[in-house]
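The values are calculated or read from the model by the stated rules, or taken from the named source; none is laboratory data. Everything numeric in this text was worked out from a predicted model, so none of it was measured. Counting neighbours? That spans all protein chains shown, and the Cβs are built from the backbone with ideal geometry, glycine included. Ligands, DNA and RNA are excluded from the accessible area calculation, which covers all protein heavy atoms including side chains. Shrake-Rupley method; radii C 1.70, N 1.55, O 1.52, S 1.80 Å.
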Amino acid sequence: AVVSTQSTGKKGRGSSTWTADVYEDEPITCKLSSEESKSGKGASFKITHLETPSYFHKYLVGRGGAVKKRLENETGTEITIPKPYENKDSIQVKHWDEDSLASLEIRVNDTVERARRQERPTHFISIPVYSNAISENLGKFEDLVQEMIHPHHVQNPEKLHLTVSVLKLFSKNEIEAAISALNEFAPRIPYILCGRPLRGSLKNLEIMNDEPDSVRVLYSEVTLTDESDRLQQLADQCLEFLIEKGLVDEHTDTHNRKDVKLHCTLINTRWTGSGPQTFDATQILSDDWELTNFGDFVLEKMQLNSMQKEHKGKEGYESLLTLKLV
């Protein structure tokens, strides 16, 4: 990124103006977006805007403004944070030297990143799994388990998917960065898939824990007809690419791992607050259970989706980007 800095100050009777280009080798949470210099009572100061997602402004204010006051006292700066309704992804900093600005930038970055780690993901990358046969069999499955679980715990057939990665994107710029990265990754897809469609079947039932009588998540496995690892390679390489781009932190985000566990969730007790939080899946997992093969599919696309409730579409979420797989 290139940041232009402009400063004007008093020099004798006249004034001087200079412009410098600052090159940043790596993206950071807070960036210098603009600067201007003004003269105060004897000492000139600069006004700088640090790019910070508006979602995290509340963490920079703190209860009763305590965090903001502490940051100002520790760095010798004056901070102006936009009101929530302004929805601006930056804060304004008044500073008298570059050291104080650098000190504040470090503290703001640290505060934002600690807060980010505590937040839930906002977006996810998925590969939809759908066919008429799968939809029909999932309906039969729901009838079979209706006495065991709350009906809302069974996935809607139109929402069946494999999760490649989850993301925490809190500003327009962060969303645009994710879209840009996926578009950059897209040309690799035909080579990873060897130019062949991903045909397979959804079958077998598994759980996430070791206690079948106390289950939260029950899922089905995906198996490609050619028994290749092309689907796994696609998911792993996509996630690795996002990590390289700084969009996913594999060390602090427990939702992401380099070896993506591809699975298609059929039951999740966390999807609604109604009903018990666990269920007994012993009968479902037994050899006598009649429905374990849900049908064949062709995986046609990979999507970037928003988890935000206000953006839900007919599939239960808003798709921001679609990459074709066939």
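Descriptive notes on the structure:
- On a per residue basis, region 139-291 carries 53 Å² of accessible surface, using protein heavy atoms and a 1.4 Å probe.
- Under 5 Å, built H, 5+ apart or other chain: amide partners of L198: L299
- Measuring r between the beta carbons of Q146 and D259 and using R0 = 22 Å, the FRET efficiency lands at 0.05.
- Residues with amide H under 5 Å from that of L320, placed H, sequence gap 5 or more: L304, N305, S306
- Whole-Hz Karplus values for region 320-326 come out as 8, 7, 10, 10, 6, 9, 10 Hz, taken residue by residue from phi with 6.51 cos²θ - 1.76 cosθ + 1.60 and θ = phi - 60°; glycine and proline positions read x.
- Listed values for region 176-189 are Karplus-derived 3J(HN,Hα) couplings in whole Hz (6.51 cos²θ - 1.76 cosθ + 1.60, θ = phi - 60°), namely 5, 5, 5, 4, 4, 5, 5, 5, 5, 6, 3, x, 7, 4, and x replaces Gly and Pro.
- Candidates M148, T111, P128 compared by Cα position along the dipole of region 99-166: farthest toward the positive end lies T111, with charges placed on Cβ.
- Applying a threshold of 26 Å to the alpha-carbon distances of K172/K301; K245/K324; K68/K172; K88/K261; K58/K261; K168/K301 flags K88/K261; K58/K261 as lying beyond it.
- Rolling a 1.4 Å probe over the protein heavy atoms of region 41-174, with every protein chain left in place, gives an accessible area that is 47 percent carbon and sulfur.
- Residue order for I243, I267 - accessible surface, 1.4 angstrom probe, largest first: I243, I267
- Fully extending the segment from T225 to D97 would add 39.7 nm, taking 0.36 nm per residue of separation and subtracting the current Cα-Cα distance.
- Amide H contacts of H161 (H built 1.01 Å from N, under 5 Å, at least 5 apart or other chain): V129, T265
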